[in-house]
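Peer 1: Just dropping this structure here.
The values are calculated or read from the model by the stated rules, or taken from the named source; none is laboratory data. Note that this is a predicted model, so its numbers are computed, not measured. Quick reminder, even Gly has a Cβ in these numbers, built from the backbone with ideal geometry, and neighbours come from all protein chains shown.
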Amino acid sequence: MTSHFTSSQLIDLGVMSFEDTLKIQKKIHFLRSEDRIPDTFIFVEHNPGVYTIGRNSKKENFPGINAIEIERGGDVTYHGPGQLVFYPVVRVFRTYNNIDIPEFVKRMENIITRALERMNFRTHFGEEPGIWVNNTPDGDRKTCSVGMKIRDGVSFHGISINYSPESIKGFMKIRPCGLDPQVMGFLGISRDELEKNIIMSIREEYPETRKISLEEMEYLSD
């Protein structure tokens, strides 16, 4: 993974609709692919709740649900209140190497697992993409969903983390990633605590990461 920049940036969009966030994310992705801005990490919580489907979705997993089709892989998932979404818009490669993508995804997953383990959660992985925690308030549950896309050597979409019980309601109407919705769980912590620990993990991988505002991002895009 190479970059012309020596630092990265982080932006917290607060609470925002999926559609508005996607517009911003695609703008940032374009600027990153043009090497006009550095690697950028986005935090956001989506409201209203929304269902999205990837390239490998199966209709029987979301019957009667109006879902937004997006570029990532995987099946159906839910985004809504009580869930923090982490979108890394990062230069993965300049010259394609088929090792780059799984290594990058694992690197992003490790940012999340280190943050969770710092808060004394015990993480593990299942057969399907995602991160499980075996000491949630409800026991061993899948608390993080993973779905990314690499285009023009730059990543977008990302990892969602269920931090409060409010996040679970939306999953009950679907089979997330083809799984029984009862496998989904939450951490039982605040968004601020979760985000603080993820930022610490980001800075372990990307030491020169500074937090910026959306207004600064618009300035950088000129």
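Peer 1: Go through the stretch 30-41 and give me each residue that's surrounded by 22 or more Cβ atoms within 10 Å (Cβ to Cβ) and within 18 Å of residue 148 (Cβ to Cβ).
Peer 2: 32, 39, 40, 41
Peer 1: Another one. What strands (runs of 3 or more DSSP E), lying completely within the stretch 30-101, carry at least 3 residues that are out of contact with any Asp or Glu (no Cβ under 8 Å at 6 or more places or on another chain), modelled with pLDDT under 95 and over 23 Å from residue 131 (Cα atoms)?
Peer 2: In the stretch 30-101, no matching strands (runs of 3 or more DSSP E) lie anywhere.
Peer 1: Just name the residue that is surrounded by the fewest Cβ atoms within 10 Å (Cβ to Cβ) out of those in the stretch 177-194 that are assigned to a helix (DSSP H, G or I) and among the aliphatic types (A, V, I, L, M).
Peer 2: Per the stated criteria, the residue is 183.
Peer 1: Does residue 218 fit the bill of being without any contact (Cβ under 8 Å) to a residue 60 or more places away in the chain, buried (at least 18 other Cβ atoms within 10 Å of the Cβ) and not in a loop (DSSP other than H, G, I, E, B)?
Peer 2: It is false that residue 218 is without any contact (Cβ under 8 Å) to a residue 60 or more places away in the chain, buried (at least 18 other Cβ atoms within 10 Å of the Cβ) and not in a loop (DSSP other than H, G, I, E, B).
Peer 1: Related question: How about the stretch 130-156: which of its residues are buried (at least 21 other Cβ atoms within 10 Å of the Cβ) and farther than 20 Å from residue 191 by Cβ?
Peer 2: Passing the criteria: 147, 148, 154, 155, 156.
Peer 1: When you check residue 38 against the structure, is it free of Cβ contacts under 8 Å to residues at least 12 places away in the same chain and either over 17 Å from the mean Cα position of the chain (by Cα) or at positive phi (or both), yes or no?
Peer 2: Taking the combined requirement at face value, the residue does not satisfy it.
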